[in-house]
Amino acid sequence: MIIQKPAVAGTVESSDALVSVEPGEGKIELTLTSSVMNQYGRQIKETVMETLKRLGVDSVKINIVDKGALDCTLKARVECAVFRSCDASEKDIPWGGAVS
Amino acid sequence: MIPRPKPERFRLRRTMIFMSAQKPGLIKDAYIYGVDSIMLDLEDAVAENQKDAARFSLYHALKTIDYGDTEVIVRINGLDTPHWQEDIRVCVAGGADGIRIAKCESAQDVKTVEAAVEAAEKEFGVEAGRTLLMAALESPKGILNAYEICSASDRMFGVAISGGDFRKCMQTKPTPDGIDMLVARGQMIMAARAAGVQCFDTVFTNLDDMAGYEAEVRQNKAMGFDGKSLINPKQIRLVHEIFAPTEKEIMQAEKIVRAYREQSAAGVGVFTVDGKMIDIAFIPGAERTLKLARACGLWEGNLV
C-alpha cells in the first residue's frame, strides 16, 4: 500500500498506542516513544515492521506513542492508520489476508 | 491464533457484559470476571468516526486473546447505517461466536443479516452455520414482532430487550417496580418461549443503586428470563447468585425426577412429593433446575 496522506489511529490511553503515518521518502522511518521502552522497545519495533511488511508499505514516516499496548493492539492501530491514509479503512478490508 | 470451539446454540447465558471494541484496556482481559458472555460493541459505545478502528481492534482481539469458556458475541451497527456489512465481515473472519442485531424490528431484518453472514462464512472459509445470531428489540415494533423475529432463523439463540431506546419510544422513564416495561418484557419472554429461544433483560444503568439493581434482577428471574445484560463487572456476581437454584430447590427437583421415574414405571401418573401434587407437567421444570444447578457447579448428579 502507498501512504497517500497523513493519518492517525489510536489513543494515548493506558494499554493503547497512538500511531501516525505520513508519506515517506522511499524508506520506513520509525520513531517510537513507549512507557515500556526498556522492556519491550525491540519487540514493539519488530511488530510494527512486520505489520508494515504484510501491508506492503515500504515508504512511510511512522510515529508511535505507546502506552503499554499488547501486540494485537499495536497491529490494529498501525493497520488502521495505513488504511485511513489510503481512504480505505471503512470497507472491504482483507481480513485474514494482509490484515492477520 | 486462538481457535475458538464451535459455538453452542443453547448454553448458560446468565450474564452478558458490554465492552467497547474500541477500548484495548477493556477487551484484553474481559474473561477474568467469570461472566458467561462478553458483548464486544461496535455500535453505540464506539464513536461514529472510530467505527473503522474498532473493527481492526476487534479482529485482532478475536484472533489473539484466549477467552476460554467465555462466549464472545459482537453487537453490530444497525441496518440503517453504512457500517453493518463490514461489521459482519469482521465478526465472521475473526471467528466471533455470535452476532447481536441491533434495533431489530422484523423477521426480514434477521434474514438480511443471516444472508450477509452466510456470504461472509463462504468468503472466509468458515464452517457454514457456525456464527450464531441474537436480536435486540429496542422499539414497540420490535416487541410486537418478537415471535416472528425469534423464529426467523436456525441461528437465532435469543432476544434481548433494550431499555434505553424502548423507553425513549414509549416516552417513559425507569420505575422502581418495572411497570414501565412490564408488558414489553412479558410479551418478549412469551415470544421467546413460544419460539424455543432464550431471552435476556436490559441493562441497569445506575451503578450506585445496588438495591434497585437487586430488585430488578429478582423480578427478571421471577418473570422467566435466562439472563441479563450488564455494563459493569460489579453487577455479575449478584445475577449468578440470584439465578442459581437454591439447595432446597435442587433437592426437591432431584426428588421429583426420581419419584416420577419410579411412579411412571409402576403405571402411576399423578402422585405427591412432600405433600405437593406432581404430574408430568412438573418434570421439565425439575430437570431444568438440575441442569442449571450442574452448570452453576452446584450439583454433580447424573439424573439428567
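The values are calculated or read from the model by the stated rules, or taken from the named source; none is laboratory data. Nothing here was measured: the structure is a model prediction, and the numbers come from that model. Cβ: placed from backbone, ideal geometry, glycine included. Neighbour counts: every protein chain shown. Note: areas computed on protein heavy atoms with side chains; ligands, DNA, RNA excluded. Shrake-Rupley method; radii C 1.70, N 1.55, O 1.52, S 1.80 Å.
Values computed for the structure shown
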quantity	calculated
Residues along the range B:77-117 losing 20 Å² or more of accessible surface when the other protein chains are present rather than the chain by itself (probe 1.4 Å)	B:E86, B:R89
Peptide B:48-54, shielding by other chains (average Cβ, 10 Å cutoff)	4
Local electrostatic count, B:Q263, Cβ distance below 13 Å [Lys/Arg +1, Asp/Glu -1]	+1
Residue-averaged 222 nm ellipticity for chain A, from DSSP H runs of 4+ at -39500 (n - 2.57), nearest 500	-11500 deg cm²/dmol
Residue mean of other protein chain beta carbons inside 10 Å, A:10-22	2
Which listed pairs, of A:K91/B:K63; B:K6/B:K221; B:K6/B:K141, have C-alpha distances above 22 Å, in listed order	B:K6/B:K221; B:K6/B:K141
10 °C / 1.306 mPa s Stokes-Einstein diffusion coefficient of chain B, Kirkwood radius on C-alpha pairs, µm²/s	78 µm²/s
Whole-percent carbon and sulfur share, accessible surface of the range B:132-291, 1.4 Å	56 percent
Accessible surface of B:T70 - all protein chains present, 1.4 Å probe, nearest 10 Å²	10 Å²
Translational diffusion coefficient (Stokes-Einstein; Kirkwood radius from C-alpha pairs) of the range A:7-85 at 4 °C, 1.567 mPa s, in µm²/s	107 µm²/s
With DNA, RNA and ligands ignored, accessible area of B:H240 (1.4 Å probe; Å², nearest 10)	30 Å²
Straight-distance crosslink candidates among aspartates and glutamates, where the alpha carbon sits under 13 Å from B:K51 and sequence neighbours closer than 8 are dropped	A:E90, B:D41, B:E43, B:E86, B:D87
Share of carbon and sulfur in the accessible heavy-atom surface of the range A:7-85 [1.4 Å probe, %]	49 percent
Solvent-accessible surface ranking, highest first, for B:Y67, B:Y147, B:Y31 at 1.4 angstrom	B:Y147, B:Y31, B:Y67
Whole-angstrom Cα spans of the protein assembly as shown along principal axes, big to small	87, 44, 44
Where labels lie 7 Å past Cα in the beta-carbon direction, separation of B:I179 and A:I2 in nm	6.9 nm
For chain A, size of Cβ-based charge dipole, Lys and Arg +1, Asp and Glu -1, in debye	120 debye
Aspartates and glutamates with Cα under 19 Å of B:K276, excluding same-chain neighbours fewer than 8 positions away	B:E247, B:E249, B:E254, B:E262, B:E287
Which listed pairs, of B:K228/B:K291; B:K234/B:K291; A:K5/A:K27, have C-alpha distances above 23 Å, in listed order	B:K234/B:K291
Size of the B/A contact, given as accessible area buried on both chains, probe 1.4 Å, in Å²	1900 Å²
Accessible area (Å², per residue) of the protein assembly as shown, counting only protein heavy atoms and a probe of 1.4 Å	46 Å²
GNM result for chain B, Cα springs below 10 Å: residue of B:A244, B:A146, B:A47 fluctuating most strongly	B:A47
Heavy-atom accessible area ranking, 1.4 Å probe, most first, across B:D274, A:D16	B:D274, A:D16
Helical mean residue ellipticity (222 nm; -39500 (n - 2.57) per DSSP H run of 4+; nearest 500) of chain B	-13000 deg cm²/dmol
Percent accessible area from carbon and sulfur atoms, the range B:14-99, protein chains only, probe 1.4 Å	47 percent
Phi-based couplings in Hz for the range B:294-304 (Karplus 6.51, -1.76, 1.60; Gly and Pro marked x)	5, 5, 7, x, 9, 8, 10, x, 10, 5, 10
Net charge contributed by nearby residues that have their C-beta within less than 9 Å of B:F204 (K/R +1, D/E -1)	-2
Values of log10 I(q)/I(0), in the order q = 0.19, 0.21, 0.22, 0.23 Å⁻¹, for the range B:101-195 under a Debye, Cα-only, solvent-free model	-0.83, -0.95, -1.01, -1.07
Computed accessible area, A:K61, all protein chains, 1.4 angstrom probe, square angstrom	60 Å²
